[in-house]
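The values are calculated or read from the model by the stated rules, or taken from the named source; none is laboratory data. Quick caveat, the model's predicted, so the values are computed rather than measured. Positions of Cβ are generated from backbone atoms using ideal geometry, with glycine treated the same way; all protein chains shown enter the neighbour counts. SASA here: full protein model, heavy atoms, side chains in, ligands and nucleic acids out. Shrake-Rupley method; radii C 1.70, N 1.55, O 1.52, S 1.80 Å.
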Amino acid sequence: MKRSVFRWFRDISIAKKLYFTVGIMALLIAIELVVLFFSINTLSSVRAYVGGEGLWSKAQKDGLYQMLKYARTHDEADYEKFQEYLKVNMGDHKARLELSKPDPNLDTVRQGFEEGRNHPEDVDGMIKLFRRFHSNSYIHRAIVAWTKADETILDFVALGRRLHEEINSPIHSPGGIDALLNQIDPLNDRLTPQEDEFSYALGEGSRWLEGVVLRLLFIVALTVECTGLILAITVSRGIQKGLTEILLASRAVKEGNYGRKARAYSADEIGTLANNFNSMADELYKLEQENQEVYSSLERKVRQRTQELESTNQELEQFAYVASHDLQEPLRTISGFVDLLKKEYREKLDGNGHIYLNYLSQASDRMKTLIKDLLDYSRIGREKKAMPVNCNNLLDEVIADLGKSIRESGARISTGHLPVLNAYPTELKLLFQNLVANSIKFRHPERAPEIIVSAAQEGGKWQFAVSDNGIGIERQFLERIFIIFQRLHSRTQYEGSGIGLAHCKKIVELHQGHIWAEASPGQGSRFFFTINKDL
């Protein structure tokens with residue numbers, strides 16, 4: 001099953017690959033928003049219960065005060081206030097009883113909570129929290145404490161009723177009233193630990209829920225980032241590998257080697273193009289074998305087909321650029337929602353709520369950086385117009401652009417006499433900038449960066465070297481560092497997306513050259529690259 005899904009994804013069209021990637025990212029982002037919305041509402045409901053407990057406790061204490069006052073004054077207005085205060089407790093009691101039923105009447109529940117002076121906008125959330133999490137150990141403990149406290153409140157109500165009857169009795173006596181009042185302290189002694197247990201259980205439940213939500217949001221955010229990265233790398237590598245195979249086969253055919261076939265890695269447009277190219281090469285080989293006189297005509301046809309392939313390659317690169325650009329739209333959407341949540345719910349969110357939103361913002365920013373690097377990678381070589389370039393002047397521009405990093409790091413940059421040569425100026429400047437910036441970034445913590453840029457003529461090519469005294473590189477990683485998205489360090493050590501040296505490799509190949517590195521850990525690195533003089 002796993003292999004069939006991989007084969008299906010490999011063989012579908014490039015457009016569908018990119019739309020599938022966008023769809024998966026949008027789905028994961030939607031799930032993340034749903035989780036965030038659910039967590040905010042649930043925590044808000046816990047807060048509402050904590051606030052409701054405060055109103056419940058205050059009403060009980062106010063009612064107790066009015067009972068004691070009524071015992072002294074015998075004023076009916078005091079007894080009516082006693083009953084009015086306990087309506088808060090009895091309203092919550094009515095809501096709890098109804099919610100305990102298998103099929104509760106939600107209108108009755110809402111009426112009970114509102115009689116308990118809970119805010120109407122909090123009531124629906126309180127109902128959902130009770131029904132969804134009543135079996136949770138923390139919420140269950142709180143409900144048990146609530147039930148016991150309700151029983152005590154009913155005893156308070158009954159005691160107040162007997163006191164009222166005693167005071168209004170024609171034969172009432174101070175001794176009878178005192179006997180009733182002596183029952184108040186035992187009731188209070190029962191009620192206080194029940195209130196404490198309710199608050200403590202809710203507090204523990206809130207902390208448990210915050211931990212679950214934090215882990216869940218972290219897992220979803222990590223899934224979004226990893227999925228986007230994996231899909232982007234898979235699509236990019238698939239396109240790059242297929243196009244490289246076709247270009248190598250076309251160069252072989254141009255040189256008369258018809259035995260070199262373009263390998264079709266998939267059944268998408270690239271694979272179809274590779275198969276068609278192989279069929280064309282076979283057809284050309286058979287025709288040349290049959291008739292040597294048409295050689296010149298066929299050679300022109302090969303050149304034409306090669307130009308068509310290069311044109312198709314450019315169109316595919318343009319398509320990949322446009323489609324990759326569309327990947328930024330769902331990221332803008334999530335960023336917009338995060339900003340909206342911060343604006344609309346700022347007063348309702350606690351410290352953890354803001355932390356969760358910051359996690360979302362940071363994940364979106366990292367994905368934006370990744371997509372920007374992919375777009376920059378696809379732009380390399382799109383404007384292929386070589387012209388004379390003074391490398392000394394170009395390097396001076398790079399040093400000026402990196403002036404802030406150079407000053408902050410204390411870097412010293414030395415250059416010998418660099419040549420004037422035909423090159424693509426924008427790409428060549430980016431090549432120097434990436435190598436010099438890397439020497440500054442990966443500097444040794446115990447010494448200031450010392451960077452040397454030099455060049456020498458080697459046959460028909462210019463060979464450049466960029467040396468530094470930084471942290472160096474392990475020998476086994478010297479080939480891997482030029483692969484796109486390959487990182488040797490975590491983001492907490494060094495920022496970046498792992499695409500800079502892949503940029504350099506693509507630029508050097510655009511100049512018909514080669515790039516490699518020599519390094520030792522702790523001893524610095526030396527990067528070499530060549531540029532064809534006849535570009």
Identify the single condition in (1) open to solvent by less than 40 Å² (accessible area, probe 1.4 Å); (2) part of a helix (DSSP H, G or I); (3) at pLDDT 70 or above that Thr306 does not satisfy, given that it satisfies every other one.
(3)
Anything in segment 16-25 that is open to solvent by less than 30 Å² (accessible area, probe 1.4 Å) and either modelled with pLDDT under 75 or of a type outside the set (S, T, N, Q) (or both)? List them, or say none.
Lys17, Leu18, Met25
Please go through segment 97-135 and give me each residue that is open to solvent by 30 Å² or more (accessible area, probe 1.4 Å) and not in a helix (DSSP H, G or I), ordered by number.
Ser100, Lys101, Pro102, Asp103, Asn105, Arg117, His119, His134, Ser135
Condition check for Ala142: more than 22 Å from Leu43 (Cα to Cα) and either at pLDDT below 90 or touching a His at 6+ places or on another chain (Cβ under 8 Å) (or both):
no
Under 6 Å between Cβ atoms, which residue pairs at least 6 apart in sequence (or on different chains) link something in segment 35-60 that is touching a residue at least 12 places away in the same chain (Cβ under 8 Å) with a partner that is among the aromatic types (Phe, Trp, Tyr) and open to solvent by 40 Å² or more (accessible area, probe 1.4 Å)?
Ala59/Tyr85
Could you say which residue among Leu99, Leu55 is in contact with a His (Cβ under 9 Å, 6 or more places away or on another chain) and aliphatic (A, V, I, L, M)?
Leu99
Yes/no for Lys58 being closer than 21 Å to Gln183 by Cβ and basic (Lys, Arg):
no
Residues of segment 105-122 being in contact (Cβ under 8 Å) with a residue 24 or more places away in the chain and over 33 Å from the mean Cα position of the chain (by Cα), which ones?
Phe113, Glu115, Gly116, Arg117, Asn118, His119
